[in-house]
Amino acid sequence: MHPLSKTTCSKTICAFLLAFGLAATPALADGGGGGGRGSDAFSEDPDYRTAVKEIDKKNYEAAIPLLQKVVASDPKHADAFNYLGYTHRQLGRMDEAVGFYRQALALDPDHLGANEYLGELWLQVGDLDKAEKRLEVLDDACFFGCDQYYKLRDAIDAYKKKAGNG
């Protein structure tokens, strides 16, 4: 996810900055955090930064206690809740992942990563309608489109093709 989000600037300002290349680039590869690392480049919390590094290395179990410390000290850290959802989803704990994604979205309904990842989860459990609803949210949240929108759209297209609906 691009570090600029609705929580840090309006669509107009973000669009201007992006159009003129004035916005900062994502801190990490992997599509700016696999679609939802919010403000990784700007996080001051060392536990959060360490957790992101563990996630990048696919050490999901190691990231979880670090993220739990982050949300314990900052219960409004939507990015940490998003990553708790992501790590649990990667470990096959879908019910727990849904709960964490919902917490991230309660804090930031337009959180790009949480919307993308929750949409991907719905595809994993076979709920196309719910995945498409997440795509609609991303369509509204991404002024000129964004990686998260395109990744979820492509995942939905692949899902439909595999199911014979595309």
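The values are calculated or read from the model by the stated rules, or taken from the named source; none is laboratory data. Keep in mind that what you see is a predicted model, and the values were worked out from it rather than measured. Cβ: placed from backbone, ideal geometry, glycine included. Neighbour counts: every protein chain shown.
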Go through (1) touching a Ser or Thr at 6+ places or on another chain (Cβ under 9 Å); (2) among the acidic types (Asp, Glu); (3) not in a loop (DSSP other than H, G, I, E, B) one by one and return the number of the condition residue 116 breaks. (1)
Is it the case, given these coordinates, that residue 99 is closer than 21 Å to residue 60 by Cβ and either free of Cβ contacts under 8 Å to residues at least 24 places away in the same chain or in contact with a strand residue (DSSP E or B) (Cβ under 7 Å, 6 or more places away or on another chain) (or both)? yes
Regarding the stretch 89-110, can at least one residue be identified that is surrounded by fewer than 24 Cβ atoms within 10 Å (Cβ to Cβ) and of a type in the set (Val, Ile, Thr)? yes
Is the stretch 56-72 home to any residue that is at pLDDT 95 or above, buried (at least 24 other Cβ atoms within 10 Å of the Cβ) and closer than 30 Å to residue 161 by Cα? no
Could you give every pair whose Cβ atoms fall below 7 Å, whose first residue belongs to the stretch 129-151 and is among the polar types (S, T, N, Q), and whose second residue is modelled with pLDDT of 95 or more and surrounded by 15 or more Cβ atoms within 10 Å (Cβ to Cβ), counting only separations of at least 6 or pairs across chains? 148/112; 148/113; 148/115; 148/116; 148/138
The stretch 120-135: number of residues that are on the phi < 0 side of the Ramachandran plot and among the small types (Gly, Ala, Ser): 1
